[in-house]
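A short write-up of the structure that comes next.
The values are calculated or read from the model by the stated rules, or taken from the named source; none is laboratory data. Because the structure is a prediction, the values reported are computed rather than measured. Cβ placement follows ideal geometry from the backbone for every residue including glycine, while neighbour counts extend to all protein chains displayed. These accessible areas exclude ligands, DNA and RNA; they are computed on the full protein's heavy atoms, side chains included. Shrake-Rupley method; radii C 1.70, N 1.55, O 1.52, S 1.80 Å.
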Amino acid sequence: TGEGGQLCSPEEAIAPLCQSFMIPKKEINMVPDMAKWKRSQAYADYIGFILTLNEGIKGKKLTCEYKVSEPIEKLMELLDTLDRWIDETPPVSQPSRFGNKAFRTWYAKLDQEAENLVKTVIPEHLAEAAAEVAVYLKESVGNSTRIDYGTVQGHEAAFAAFLCCLCKIGVLRVDDQLAIVFKVFNRYLEVMRKLQKTYRMEPAGSQGVWGLDDFQFLPFIWGSSQLIEHPNLEPRHFVDEKVVNENHKDYMFLECILFITEMKTGPFAEHSNQLWNISAVPSWSKVNQGLIRMYKAECLEKFPVIQHFKFGSLLPIQPVTS
């Protein structure tokens, strides 16, 4: 992918087969390192991936028909496994209300099994890529020391990077676009919400009412793209409980709003001020453009977020070549 470019074509995807894979590591250790990130191939590929998917799902419902390939099915099985492990790892009784320590047990299992899980998704001739790709999967579920999860710690970005890597090695293809967002990413969100509720995970580095959301950002971008040119749902409607209840199964944005109202009490304008302000924007395309700008500024250009990002052979720190 390039900025706003395409998901890997099969021809491009063959290239990595002769490359040597590596375990991704942190490269952004100080604020001045941010310049390297913005010039990097990783940044171009990551933002290109996000924008390509944003374009691909425009005006489409979660419930619309789309192709489901074998790798997508296998990714769904992987996420189902993570979900099942939550059921097998009930919260422990402890004095503190938040951050249930059973999450550490759940995470230890993922830490141990991640590479094998990734091997179930990728073909045998790409088995060497599994260790590299698995790092992003492990980084995407929250922090096991602090028992928290959030955009600010780059957890969601790590999952998008995981999917981006699968595109770069040719496991996911151009015609998987809708399934990547509507099936895989949506299922990821369900599993993360279950983790957050079950283990009462703290929002990582939450900015309270001034942040967009305690836990996620991408579903608001992609979710607003889904609603572009909707015949009767306007941004002002998403603060209406009835509208959310009737339409959340079709639109990721409204699914996020529903989750916020389940998790928070009090007037929406008070607990989610940024989103309340967005409801005054006249059109979904303006909301979508604004959220992309905000994502770049508040997430991708902020050192506290990007210091957690890891770079390997698939998402390299080296400057963009093309």
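Structure values in brief
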| read-out | value |
| --- | --- |
| Matching helices (runs of 4 or more DSSP H) fully within segment 254-322 where at least 3 residues are under 20 Å from the mean Cα position of the chain (by Cα) and not β-branched (Val, Ile, Thr) | 284-295 |
| Residue count for segment 259-284, restricted to those that are surrounded by 17 or more Cβ atoms within 10 Å (Cβ to Cβ) and farther than 18 Å from Pro231 by Cα | 7 |
| Flag if Pro231 is at pLDDT 95 or above, more than 25 Å from Arg97 (Cβ to Cβ), surrounded by fewer than 23 Cβ atoms within 10 Å (Cβ to Cβ) and outside the structural domain of Asp87 (by the TED database) | yes |
| Which listed residue, of Glu298, Glu262, is under 30 Å from Trp37 (Cβ atoms), among the acidic types (Asp, Glu) and out of contact with any helix residue (DSSP H, G or I) (no Cβ under 7 Å at 6 or more places or on another chain) | Glu298 |
| Only one of Val239, Val191 that is β-branched (Val, Ile, Thr) and assigned by the TED database to the domain that holds Ile47 | Val239 |
| Pairs where the first residue, in segment 296-312, is loosely packed, with under 14 Cβ neighbours inside 10 Å and the second is among the polar types (S, T, N, Q), C-beta under 9 Å, 6+ apart | Pro304/Gln153 |
| Some residue of segment 205-216 being assigned by the TED database to the domain that holds Leu254, touching a Cys at 6+ places or on another chain (Cβ under 8 Å), open to solvent by 30 Å² or more (accessible area, probe 1.4 Å) and on the phi < 0 side of the Ramachandran plot | yes |
| Output for segment 55-91, where each listed residue is more than 20 Å from the chain's Cα centre (by Cα), open to solvent by less than 40 Å² (accessible area, probe 1.4 Å) and of a type in the set (D, E, K, R) | none |
| Any hit, segment 115-123, residues being in contact with a Ser or Thr (Cβ under 8 Å, 6 or more places away or on another chain) and closer than 19 Å to Val191 by Cβ | yes |
| Ile47 in contact (Cβ under 8 Å) with a residue 60 or more places away in the chain and in the same structural domain as Trp222 (by the TED database) | yes |
| From Leu300, Leu291, Leu315, residue being among the aliphatic types (A, V, I, L, M) and farther than 22 Å from Asn143 by Cα | Leu291 |
| Total residues in segment 36-54, condition surrounded by 20 or more Cβ atoms within 10 Å (Cβ to Cβ), more than 21 Å from Ser225 (Cα to Cα) and of a type outside the set (Gly, Ala, Ser) | 2 |
| Of all residues making up segment 1-53, the number that are β-branched (Val, Ile, Thr), at pLDDT below 55 and not in a loop (DSSP other than H, G, I, E, B) | 1 |
